[in-house]
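Contents: one structure, followed by commentary.
The values are calculated or read from the model by the stated rules, or taken from the named source; none is laboratory data. Predicted model, so just to flag it, every value in this text is computed and none were measured. As a convention, Cβ positions derive from the backbone with ideal geometry for all residues, glycine included, and neighbour counts pool all protein chains shown.
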Amino acid sequence: MIALIGPTASGKSDLAIKFALKYGYEILSLDSLSIYKEVDIASAKPSKEELNLVKHYGINEIYPNEKFDVMKFIEIYEKIKDKKIIIVGGTSFYLKAMLSGISPMPKISDEIKKEVLKYDYSFLKKIDSEYASKIKAQDSYRIQKGLEIYFATNTPPSKYFKLNPPKPVIQNCKIYEIAVDRSVLRERIKIRTQKMFELGLIDEVAYLESKYRDRTLPALKAIGVKEVLYYFNGMYDKDTLKEKIITNTARLAKRQQTFNKTQFKDKVSLPLEELYKELKV
């Protein structure tokens, strides 16, 4: 099993598909936007033709109004771990989590899920100041998880995690990183952004907003979507819209490069052309 990481628009998908076709692999995509059905252009997911060429997992798994976390990717991985898989880490945080390990979670009933909605950060702070001190009062996801653990096990979450240490999900995985200069990457982002508009990005976002009518959904807050929503509000003209998407995507790419540099020490990092040679594609 191998993993391919790199910032957005660095060429991961093309390389992964060519590698998979040559060596008989299938692809597990770890991407926080491609996992959604109906978000095709904004996520820059592979085309229908490419998805038909190589079996992909982690793409088109859920609808934009469905929630997910790293456990969703683990669930997908567990079903396919005996296959020849190349992991493509668009959101490499998920790869890091699967390599480092995840503490096993208790079963959370629907009753508990409803019960925790009655409580907030201040209650969490009372029952577990240690856990609460490590998260922000606005972090609704971790607050909810902490409260669910407490009500399901009658144990403060910090103590629960000590009693249930993380266990790696993925082992023996060689990591390859696409190293790319930021000026080169910005040009690639410009080209990809223009292509998104030509494919119908604005129409796609209009459809998503019309269908789901909830701009707080993670899919509707993603780069490429949120800017179009601002455009609908009259905040940008079309030229400004494109520039905003390019700038915000470049900032995301910078954060991704920093994360990959600091979190994955044992990896092969090469420019795209050299990585093609290294992988014999």
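Under the condition of being crowded, with 22+ Cβ neighbours inside 10 Å and either under 18 Å from Ala97 (Cα atoms) or under 19 Å from the mean Cα position of the chain (by Cα) (or both), the residues counted in the range 18-32 number 5.
Restricting to the range 28-60, count the residues that are assigned to a loop (DSSP other than H, G, I, E, B) and not β-branched (Val, Ile, Thr). Don't jump to the end; show me each part of the working.
Step one: of the range 28-60, the residues assigned to a loop (DSSP other than H, G, I, E, B) are 30-35, 37-47, 54-55, 58-60.
Now drop any that are not not β-branched (Val, Ile, Thr), which leaves 30-34, 37-38, 40, 42-47, 55, 58, 60.
Of the residues in that region, 17 qualify.
Selection of the range 189-226 for residues being farther than 16 Å from Asp40 by Cα and either among the acidic types (Asp, Glu) or in contact with a Leu (Cβ under 7 Å, 6 or more places away or on another chain) (or both) yields Asp214, Arg215. Checked against the criteria, Lys107 counts as assigned to a loop (DSSP other than H, G, I, E, B) and more than 26 Å from Leu270 (Cβ to Cβ). The helices (runs of 4 or more DSSP H) located wholly in the range 186-271 that include 1 or more residues which are in contact (Cβ under 8 Å) with a residue 12 or more places away in the chain and more than 21 Å from Glu38 (Cα to Cα) occupy 238-263. On the given criteria, is Tyr231 of a type outside the set (A, V, I, L, M), buried (at least 16 other Cβ atoms within 10 Å of the Cβ), on the phi < 0 side of the Ramachandran plot and over 20 Å from the mean Cα position of the chain (by Cα)? Criteria met by Tyr231. One residue alone among Lys167, Lys174 is in contact with a strand residue (DSSP E or B) (Cβ under 6 Å, 6 or more places away or on another chain) and surrounded by fewer than 16 Cβ atoms within 10 Å (Cβ to Cβ), and that residue is Lys174. Evaluating Pro165 against the criteria (1) more than 20 Å from the chain's Cα centre (by Cα); (2) at pLDDT 95 or above leaves one unmet condition, (2).
Residues that are aliphatic (A, V, I, L, M), without any contact (Cβ under 8 Å) to a residue 24 or more places away in the chain and surrounded by fewer than 22 Cβ atoms within 10 Å (Cβ to Cβ): does the range 51-72 have at least one? Can you show your working first?
Step one: filter the range 51-72 for residues aliphatic (A, V, I, L, M), giving 51, 53-54, 59, 62, 70-71.
Still in the running and without any contact (Cβ under 8 Å) to a residue 24 or more places away in the chain: 51.
Now drop any that are not surrounded by fewer than 22 Cβ atoms within 10 Å (Cβ to Cβ), which leaves 51.
Within the range 51-72, one or more residues are aliphatic (A, V, I, L, M), without any contact (Cβ under 8 Å) to a residue 24 or more places away in the chain and surrounded by fewer than 22 Cβ atoms within 10 Å (Cβ to Cβ).
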